Amino acid sequence: QVQLVESGGGLVQAGGSLGLSCAASGRTFSSYAMGWFRQAPGKGRVFVAAIRWRSGVGIYADSVKGRFTISRDNAKNTVYLQMNSLKPEDTAVYYCAAGGNIVTVTSVNAFGYWGQGTQVTVSS
């Protein structure tokens, strides 16, 4: 059974930094992608970043490009999201996703496994 366990959310002031991690168990995703999506209150789940596991290439939403960095640790089967220069509009529940199609990684429908979500709140 696949499990994705997220950690690292919290409250931070605008301009600050937070790091998220997502540990996968139950299988490896070497031929797929892992990623992060977020969902603000009253809005849909949107793409933030993804990483193609085998190549390590990261893909980012325009809204976070230059501020967020996605990375992975093969040995730990874990993906990370380092978030810098945070803005109030980054406030959302952040979800880890795994098993993604490496071509359509920006789509919610590309991923088969999801974490429980972790809250990130950025105060102004």
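A few comments on the model shown:
- Taking residues in the stretch 70-81 that are at negative phi, and partners anywhere that are assigned to a loop (DSSP other than H, G, I, E, B) and polar (S, T, N, Q), the pairs with Cβ atoms closer than 9 Å and at least 6 places apart or on different chains are ASN74/THR28; ASN74/SER30.
- Here is the figure for the stretch 1-22: residues that are hydrophobic (A, V, I, L, M, F, W, C), more than 13 Å from VAL120 (Cα to Cα) and open to solvent by 40 Å² or more (accessible area, probe 1.4 Å) total 1.
- Screening PHE37 with (1) of a type in the set (Phe, Trp, Tyr); (2) open to solvent by 30 Å² or more (accessible area, probe 1.4 Å); (3) under 30 Å from SER124 (Cα atoms) gives one miss only, at (2).
- Taking every residue in the stretch 82-106 that is open to solvent by less than 10 Å² (accessible area, probe 1.4 Å) and pairing it with any residue that is of a type in the set (Phe, Trp, Tyr) and not in a strand (DSSP E or B), at least 6 positions away or on another chain, the pairs with Cβ-Cβ distances below 6 Å are ALA97/PHE111; ALA98/PHE29; GLY100/TYR32; GLY100/PHE111.
- Residue in the stretch 23-33 that is open to solvent by less than 60 Å² (accessible area, probe 1.4 Å), within 11 Å of the chain's Cα centre (by Cα), of a type outside the set (Asp, Glu) and closer than 20 Å to VAL120 by Cα present: no
- Only one of the numbered conditions (1) more than 17 Å from TYR95 (Cβ to Cβ); (2) of a type in the set (Gly, Ala, Ser); (3) open to solvent by less than 30 Å² (accessible area, probe 1.4 Å) is not met by SER71, and that is (3).
- Conditions (1) open to solvent by less than 40 Å² (accessible area, probe 1.4 Å); (2) more than 22 Å from GLY99 (Cβ to Cβ); (3) more than 12 Å from the chain's Cα centre (by Cα): number failed by GLY56: (2)
- Elements of type strands (runs of 3 or more DSSP E) in the stretch 18-124, at least 2 residues being under 17 Å from LEU4 (Cβ atoms) and modelled with pLDDT of 95 or more: 18-25, 33-39, 45-52, 68-73, 78-83, 92-100, 118-123
The values are calculated or read from the model by the stated rules, or taken from the named source; none is laboratory data. Predicted model only: the values in this text are computed from it and were never measured. We place every Cβ from the backbone using ideal geometry, glycine too, and count neighbours over all the protein chains shown. Areas reflect the complete protein model, heavy atoms only, side chains present, ligands, DNA and RNA absent. Shrake-Rupley method; radii C 1.70, N 1.55, O 1.52, S 1.80 Å.
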